[in-house]
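What follows is a set of notes on a single structure, which appears directly below.
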Amino acid sequence: MKTENNRRPSERARDVVAEAVRRAAAEERAPRILFVCLGNICRSPAAQGITESLASARGIAVECDSAGFYGGHAGDMPDRRMREAAASRGYRLDHRSRVIRPYDLDDFDIVAGMDDSNMDGLRRLADTVERDNRIVRMTGFAVRHPQYDSVPDPYYEGVAGFHLVLDLLEDACGTLLDEIERANER
């Protein structure tokens, strides 16, 4: 499945961010972003760490967290291979894995799924239109990687798989922050 003919950021991504920024501004707080993958030990904690690092460097206020659908890693640090790959790029990943909760779709303004399975799971949790309107595909922000419709799970891949994920997430997280800045200017 190609996302909106590969036009990035997607219209959906822009709409989700614009509404998130409006909601956060109305409550006089920073936008809250939740990144979601399967086990919350590779992709989503990397997205969280990258976004926090880039936002800090750019002076953009955001609150980030990450979660997964599989509870077998709950309480664990991110996968050692992802921590090492991220550290080689200057990112520190110290999040502890947790399972997504239905009310996360109320607490977070943007809920970014990494792949089709995560998006399907998020849609099942979204029992209201308001919750559904907070969900976005992470690659909807990946402007330099339009050939990817999902962030692939690197768990069974070698070192190159972890670096590919970081490439995609640096692209997508940077664009997500660009969209937050753009929405804040309106």
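The values are calculated or read from the model by the stated rules, or taken from the named source; none is laboratory data. The structure presented is a predicted model; accordingly, all values stated were derived computationally and were not measured. For neighbour counting, all protein chains shown are included, and Cβ atoms are generated from backbone atoms with ideal geometry for every residue, glycine included. What goes into the accessible areas is simple: the full protein's heavy atoms, side chains included, and nothing from ligands, DNA or RNA. Shrake-Rupley method; radii C 1.70, N 1.55, O 1.52, S 1.80 Å.
Before moving on, here are some points about what is shown:
- Carbon plus sulfur fraction of accessible area for the chain, probe 1.4 Å, in percent: 46 percent
- Net +/- balance of residues flanking Ala142 in space, Cβ distance below 11 Å, scoring K and R +1, D and E -1: -1
- Here the range 102-164 has an Rg and Dmax of 13.4, 40 Å, counting Cα atoms alone.
- Dipole of the range 52-186, positive direction: furthest Cα of Gly140, Val165, Leu176, with charges on the beta-carbon: Val165
- The chain: angle of helix 11-26 to the longest principal axis, Cα-based, in degrees nearest 10: 70 degrees
- Radius ratio Rg over Rh of the range 1-104, counting only Cα atoms, Kirkwood formula for Rh: 1.00
- Mean ellipticity per residue at 222 nm, deg cm²/dmol - from DSSP H runs of n ≥ 4 across the chain, formula -39500 (n - 2.57): -14000 deg cm²/dmol
- Check: the range 9-86 dipole with +1 on Lys, Arg Cβ and -1 on Asp, Glu Cβ, in debye: 160 debye
- Ratio Rg/Rh, restricted to the range 56-133 and using Cα atoms, in which Rh is the Kirkwood radius: 1.00
- C-alpha long axis of helix 159-185 to longest principal axis of the chain, angle in °: 20 degrees
- For the chain, the longest principal axis of the Cα atoms and the long axis of helix 43-58 meet at an angle of about 60 degrees.
- GluC sites (Glu not before Pro), loop per DSSP, at most 13 other Cβ atoms within 10 Å - longest free stretch of the chain: 29-186
- Heavy-atom accessible surface of the chain, averaged per residue, reaches 46 Å², computed with a 1.4 Å probe.
- Every Cα-Cα pair of the range 134-186 was included, and the share exceeding 18 Å stands at 37 percent.
- Computed with the Debye formula from one identical point scatterer per Cα of the chain, without solvent, the log10 of I(q)/I(0) at q = 0.12, 0.13, 0.14, 0.16 Å⁻¹ comes to -0.49, -0.58, -0.69, -0.92.
- Charge dipole (debye, nearest 20) of the chain; +1 at Cβ of Lys and Arg, -1 at Cβ of Asp and Glu: 200 debye
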